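One structure is given here, and the rest of the page talks about it.
Every number here is computed from the coordinates shown, using simple stated rules; none is lab data. It should be emphasised that the depicted structure is a prediction, and the values quoted were computed from it without experimental measurement. When we count neighbours, we look across all protein chains shown, and the Cβ atoms used for this are built from the backbone with ideal geometry, even at glycine.
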Amino acid sequence: MHNNKILFIHICFTIYISIHGCHIPFLGIDINDPELTRQWSRKQKQNNSGLNNDELNKLNEAFQLLGVTEETPKKDVENIYKILARTWHPDKQANKSEEEKRISKDKMTELNSAYERIKQYHKW
C-alpha cells in the first residue's frame, strides 16, 4: 500500500512538472537544485545496487571515514587513502606507546576495509 502511494505521488509530480516546469512552489522544491539532484542520484544508485540497509550503512560509514563523497574522483579517493594510510600506518608509530600502536593498527584496519568497500561499490 505504501509503495502505491509513493507511485501515485511520483506520477502527480511528474505531471505537474511536465505542465508547469521544474519548480514546485507549493513544496519549495526546485528540481534543478544540484544538492537535490545529487541526493536523488545517490538514492537511485543505492536502490539499484542491490545493497541491503546494513551494507548501505557500512558504505556510508566508509565514505565518512575517508572524508569523501560518492562523486569524488577515483584519483582523489586514492590520494586521500594514501595520505591517511601513511598517517596511521603502524610502522610510523614506532616511538609511541603500546596503546597508541594498537589504536593505529585498528584505525589502519578500518581504513583498509573502507577503501576496499568503496572500490567494490564503484567497481574500480
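If R0 is taken as 30 Å, the Cβ-Cβ distance between residue 54 and residue 78 corresponds to a FRET efficiency of 0.70.
When the alpha carbon gyration tensor of the stretch 52-122 is reduced to an equivalent ellipsoid, its three semi-axes come out at 25, 14, 8 angstrom, largest first. Spatial offset of the stretch 81-124 relative to the stretch 59-80 amounts to 14 Å, using the alpha carbon center of each. Just list whichever of 82/119; 92/123; 58/96; 58/101; 75/101; 75/119 have alpha carbons separated by over 22 Å in the model shown. From the list (82/119; 92/123; 58/96; 58/101; 75/101; 75/119), the Cα-Cα distance tops 22 Å for 92/123; 58/96; 58/101; 75/101. Label-to-label distance for residue 89 and residue 123 is 3.2 nm, based on points extended 7 Å past Cα in the beta-carbon direction.
Taking every alpha-carbon pair under 8 Å whose residues sit at least 6 apart, the stretch 52-122 reaches a relative contact order of 41 percent.
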